[in-house]
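Reviewing the structure listed below.
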Amino acid sequence: MSQGTDIEKALSLIIHDMGAPLRAATYFTNRVRKAGESQDSASLERDLDMLQQSIVQAQDVLDSVRGIRSILFHSAKSVSFGLDDIRLYLAFEFSGADITFEVADQTVTGCNHLINLAAKEVVRNALTHSDARRAHVKIAHNDGELSVIVRDSGPGIDPAFADRATAPFQVGTIEKKRSGSKGMGLYYAQLAVEKLNGKLSWTQADDGFEVSITCPMPAG
């Protein structure tokens, strides 16, 4: 994926996704002003709450653009790192979670920041948003390809939601939205994997759900 495409993604988020909350903020600002002038305390409280929600939504868009910028900034950085470094990173990020690891004793050369980011978002999605009680992460390298496979005990992605699961601001259920989910995790994972010229995929099994990150990465 080219740098121009990444910039287009960021601009698209700003133009399309920020437009609605900014218009809403302007609308409720005017309503708050009128409610204050008329001393309508009930309307004032309600409109202030809606104004705050609009500001939070606009902030979410700005945060997502920063996320895209971070992925773009790190995409050209290539270093030598061990596969166990990915395990250490995930173990630190999800300290206390029920995660088991299966890691090959190998060293590769590539962008460790992007593979860590993609793996983190996939694991977070499994443990936080899929009601999984545990996860198993397999990290391997074969024939010039790095793979991170995350298997969890949750129900996985609803087939009706699968087509848009990696789009920005996609929250699968009202419950997840109320819990604070922004719907950006798999979007970031997909974007990071694309920058690695890799693939993000998932499969449903009888005893759980499996998400795979695969990308070309030389040994050494």
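FYI, it's all coordinate maths here, none of it is from the lab. In this text, all values refer to a predicted model and were calculated from it rather than measured experimentally. Quick reminder, even Gly has a Cβ in these numbers, built from the backbone with ideal geometry, and neighbours come from all protein chains shown.
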So if I place +1 on the C-beta of Lys and Arg and -1 on the C-beta of Asp and Glu, and nothing else carries charge, what would the dipole magnitude of the stretch 73-158 be about its Cα centre? I want it in debye, nearest 20. 160 debye
Karplus 3J(HN,Hα) series, Hz, for the stretch 186-202 with 6.51 cos²θ - 1.76 cosθ + 1.60 (x for Gly, Pro): 5, 5, 4, 4, 4, 5, 5, 5, 4, 5, 8, 6, x, 9, 10, 9, 8
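Which loop-located trypsin sites (Lys or Arg not before Pro) does the stretch 48-116 contain, where loop means any DSSP state but H, G, I, E or B and the Cβ has at most 13 other Cβ atoms within 10 Å?
Values: sites: ARG66, ARG69, LYS77, ARG87; in loops: LYS77.
Passing sites in the stretch 48-116 are LYS77.
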Any idea how far apart GLN204 and GLN53 come out in nm if each label point goes 7 Å out from Cα toward Cβ? 3.1 nm
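Assign unit charges at the C-beta atoms only (+1 for Lys and Arg, -1 for Asp and Glu), then state the dipole size of the stretch 32-124 relative to its Cα centre in Debye, rounded to the nearest 20. The partial results should precede the final answer.
Values: 9 positive and 14 negative charges, 79 e Å.
Approximately 380 debye in magnitude.
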Modelled label-to-label distance, ASP105 and THR128, 7 Å Cα→beta-carbon offset: nm? 3.4 nm
Residues with amide H under 5 Å from that of TRP202, placed H, sequence gap 5 or more: SER212
With θ taken as phi - 60° and the coefficients 6.51, -1.76 and 1.60, list the Karplus ³J(HN,Hα) couplings across the stretch 50-61 in order, rounded to whole Hz; mark glycine and proline as x. 5, 5, 4, 4, 5, 5, 4, 4, 5, 5, 4, 5
